[in-house]
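As structure tokens, the structure follows; a few thoughts come after it.
The values are calculated or read from the model by the stated rules, or taken from the named source; none is laboratory data. This structure is a prediction, so every number in the text was calculated from the model and none was measured. Positions of Cβ are backbone-derived with ideal geometry, glycine not excepted, and every protein chain shown enters the neighbour counts.
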Ligand SMILES: [Zn+2]
């Protein structure tokens, strides 16, 4: 039996780090097949690699979040590429565009994204994309990247993390070969746009995530999220689609393993 794969978490966040042992234990108990541990700045990138060595469940990714775009220097990008070339790093991310909070200029965000897409191409690794209020803008950069990745025979070019658009906005990303990641926000009763999305999209483009410590499921509103809760996302998708939870987990874990080029890990069975 396959376990669920959390394709996006930040368990190196200071709010979670103190309970790392407990978090990993609950991942094992929930039978998870994998947890992507995503960096977003220099320190969290280093930590992603460091912590990933502690459990075979953890798959590190490294990148500079668009919020960092005004601060990232050439030297930092050189260091990132060196870090990202480690064989255990499964993807470049989280990277992208955030035109909602606008913590860095749009011009710098676009430039930083292009530089990191170039790193992904040079290393032949997929990307984890953060796109907020930037669905139309992001495809302008991700479309050519996906074409180049396809020419290079890279496989799946990347994943749209915590996708916030509607079915129409998802289409160009699916056409370009990107996977669409659904977060625990799918458990919120009023999130009709996302409900519609998961009812409509084929299972072979979907993956699931928690974005821990953010975006806890409905039953944990106001608390810190953690990777074991990714099962709540699978349950909500199964209900919306009228499928079994196991079928949703099997499909999304297979997609996650193809995305990150990792084998599905067998759940630990406690006798
Ligand atoms: Zn994130």
Q: Working only within the range 91-127, note down all residues that are part of a loop (DSSP other than H, G, I, E, B), away from the ligand (no atom under 15 Å from the Cβ) and touching a strand residue (DSSP E or B) at 6+ places or on another chain (Cβ under 9 Å).
A: 99, 104, 125, 126
**Q.** Unique match (being within 15 Å of the ligand (Cβ to nearest atom), assigned to a helix (DSSP H, G or I) and either over 17 Å from residue 37 (Cβ atoms) or touching a helix residue (DSSP H, G or I) at 6+ places or on another chain (Cβ under 7 Å) (or both)) among 67, 130
**A.** 67
Q.
For residue 224, only one of the following conditions fails: (1) over 15 Å from the mean Cα position of the chain (by Cα); (2) surrounded by 19 or more Cβ atoms within 10 Å (Cβ to Cβ); (3) under 22 Å from residue 21 (Cβ atoms). What is its number?
A. (2)
Q) Of everything in the range 202-218 that's away from the ligand (no atom under 16 Å from the Cβ) and in contact with a strand residue (DSSP E or B) (Cβ under 7 Å, 6 or more places away or on another chain), which residue is farthest from residue 231 (Cα to Cα)? A) 205
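Taking residue 91, is it in contact (Cβ under 8 Å) with a residue 12 or more places away in the chain, surrounded by 14 or more Cβ atoms within 10 Å (Cβ to Cβ) and within 22 Å of residue 164 (Cα to Cα)?
yes
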Q) Would the range 133-148 turn up any residue that is part of a helix (DSSP H, G or I), under 17 Å from residue 39 (Cβ atoms) and at pLDDT 95 or above? A) no
(Q) Can you say whether residue 59 is more than 13 Å from the ligand (Cβ to nearest atom) and within 22 Å of residue 234 (Cα to Cα), as far as the supplied structure shows? (A) yes
Q. Of all residues in the range 12-24 being out of contact with any helix residue (DSSP H, G or I) (no Cβ under 6 Å at 6 or more places or on another chain) and assigned to a loop (DSSP other than H, G, I, E, B), which is nearest to the ligand (Cβ to nearest atom)?
A. 13
